[in-house]
Amino acid sequence: MKEYSLGLVPGPVSVPRKIREAWLTDFGSSDLESDFFELYGKNQALVQKLLETKESVVITSGEAMSILWGGLKSALKPGDRLLAVAGGLFGEGFADMAKAIGIEAEIVASEYDSLPDPRKVREAVSRFRPQMITAVHCETPSGTLTPLKELGEIARQADALFLVDFVSSGGGVAVGVDENHIDIGLLGSQKVLSLPPSLSISTVSGRAWDAIKKANYSGYDAYLPWRSVPEVPFLPYTHDWQSMYALHLSLSSIMEEGMENAFARHSRAAALCRKLGREMGIRLFPVNEDICSPTVSAFYMPEGWTWAEFDAALRLRGLVVGGNYGRLAERVFRVGHMGSQADEALVARGMEIVKNVLEEKRTR
Ligand SMILES: *Cc1c(COP(=O)(O)O)cnc(C)c1O
């Protein structure tokens, strides 16, 4: 299906028409034009406001995985130690990625339906003495939101860098980069910002830049060449001007709406989604609603359905939701209400389809 009539996938989300217009302009070369660097600077300032940081912001082309890799490779050296705080697939993934690039890694794991325990993190930090602690704000496959403050304090006390993947939460809920001591914060374009998967945004603290200079990693995903962009108008590769303009439209629209209003819209869409789920008898996956992310809802698969059958039945009525991966595959499905999809009317229409599909089978 090329275009979803009703998409509630937890990323990539539906790109609003007014943002799609960015691709109608035949921009010139991002390497040559001062207009591009001006736009880059404006976007940096808007991102700083959105993510509540005075630290620097790097905007690169490539989907969010490029900065998950780039952040690790740029700030760590082979032989360094990384502690991955994980309550889900993405959290655990950081340990696998680290090992693949010669970093020693340990995981402080929690069940996927719960939040990581800061006491266990503290214990692991004093024993393992990592150079970096990683965490995932919204574990998109599990639908949970991990509080960051205490983890950030633990990292700061241990003089470890705190890297946080807020790819699927940033913009839909307060992230508080500076308040939470986040040294490297990672955001993707295809979630709350409602762009195609084309750009990645990183916040980088002064402490992180020190580590990055020391590690001196070079590669396509290296952070170092971005250190002085746009003051020094030199890019390591030709940037994606259309996406950069689309990002400007997206950030401006959030600012016009008001950040608090945008966050509240996400909370309302989430609350409605879960209420409707409860009413039709499908069970929330996280242990309780308090730990759920406002950007995505994860539910147990309704009894008697396989994912393939459920997905096909929803698609027949025009609705597409998210399935799952790893040990949550077949067991848990997800409704994405982030960015353009954080819309109560849209969620209500989608959940009505889910309800009808379930009822139809019950009465068959
Ligand atoms: C979407 C997402 C990413 C990027 O992963 P893709 O599967 O490539 O889209 C990274 N981290 C989190 C938490 C995400 O939700």
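Kindly indicate which of 81, 17 is farther than 30 Å from residue 129 by Cα and more than 19 Å from the chain's Cα centre (by Cα).
17
List every residue pair whose Cβ atoms lie under 6 Å apart, where the two residues are 6 or more positions apart in sequence or sit on different chains, the first residue falls within the range 338-364 and is among the charged types (D, E, K, R), and the second residue, located anywhere, is not in a helix (DSSP H, G or I).
If the second residue must be not in a helix (DSSP H, G or I), the pairs left are 355/280.
Is it true that residue 135 is aliphatic (A, V, I, L, M) and more than 30 Å from residue 270 (Cβ to Cβ)?
The answer is no for residue 135.
Looking at (1) under 21 Å from the mean Cα position of the chain (by Cα); (2) in a loop (DSSP other than H, G, I, E, B); (3) away from the ligand (no atom under 16 Å from the Cβ), which one does residue 45 not meet, given that it meets all the others?
Residue 45 satisfies all of (1) under 21 Å from the mean Cα position of the chain (by Cα); (2) in a loop (DSSP other than H, G, I, E, B); (3) away from the ligand (no atom under 16 Å from the Cβ) except (2).
In the range 1-41, which residues are in contact (Cβ under 8 Å) with a residue 60 or more places away in the chain, among the charged types (D, E, K, R) and not in a helix (DSSP H, G or I)?
31
As an exercise: evaluate residue 79 against (1) at positive phi; (2) in contact (Cβ under 8 Å) with a residue 60 or more places away in the chain and give the number of the one condition it does not meet.
Answer for residue 79: the failing condition is (2).
Residues that are of a type in the set (Ser, Thr, Tyr) and under 17 Å from residue 16 (Cβ atoms): list the helices (runs of 4 or more DSSP H) wholly contained in the range 249-364 that include at least 1 such residues.
Correct list: empty, since no element meets the threshold.
Restrict the check to the range 299-310 and report whether at least one residue is under 24 Å from residue 92 (Cα atoms), within 21 Å of the chain's Cα centre (by Cα) and of a type outside the set (Asp, Glu).
Yes, the conditions are met somewhere in the range 299-310.
Filter the range 111-142 for residues that are hydroxyl-bearing (Ser, Thr, Tyr) and away from the ligand (no atom under 16 Å from the Cβ); which is farthest from residue 211 (Cα to Cα)?
114
State all residues of the range 199-219 that are touching a helix residue (DSSP H, G or I) at 6+ places or on another chain (Cβ under 8 Å) and in contact (Cβ under 8 Å) with a residue 24 or more places away in the chain; if no residue qualifies, say none.
Correct list: 199, 200, 201, 202, 203, 204, 208, 211, 212, 215, 217, 219.
Would you check which residues across the range 168-201 are within 11 Å of the ligand (Cβ to nearest atom), farther than 16 Å from residue 255 by Cα and aliphatic (A, V, I, L, M) and list them?
Of everything in the range 168-201, those that are within 11 Å of the ligand (Cβ to nearest atom), farther than 16 Å from residue 255 by Cα and aliphatic (A, V, I, L, M) turn out to be 186, 187.
Report yes if some residue within the range 278-289 is touching a residue at least 12 places away in the same chain (Cβ under 8 Å), within 24 Å of residue 190 (Cβ to Cβ) and outside the structural domain of residue 40 (by TED's automatic domain parsing); otherwise report no.
Within the range 278-289, one or more residues are touching a residue at least 12 places away in the same chain (Cβ under 8 Å), within 24 Å of residue 190 (Cβ to Cβ) and outside the structural domain of residue 40 (by TED's automatic domain parsing).
Within the range 30-39, is even one residue within 16 Å of the ligand (Cβ to nearest atom), in the same structural domain as residue 145 (by TED's automatic domain parsing) and surrounded by fewer than 19 Cβ atoms within 10 Å (Cβ to Cβ)?
No.
For residue 210, state whether it is more than 18 Å from the chain's Cα centre (by Cα) and farther than 30 Å from residue 102 by Cβ.
No, not satisfied.
The values are calculated or read from the model by the stated rules, or taken from the named source; none is laboratory data. Source: prediction; values computed, not measured. Glycine gets a Cβ as well: all are built from the backbone with ideal geometry, and neighbour counts include every protein chain shown.
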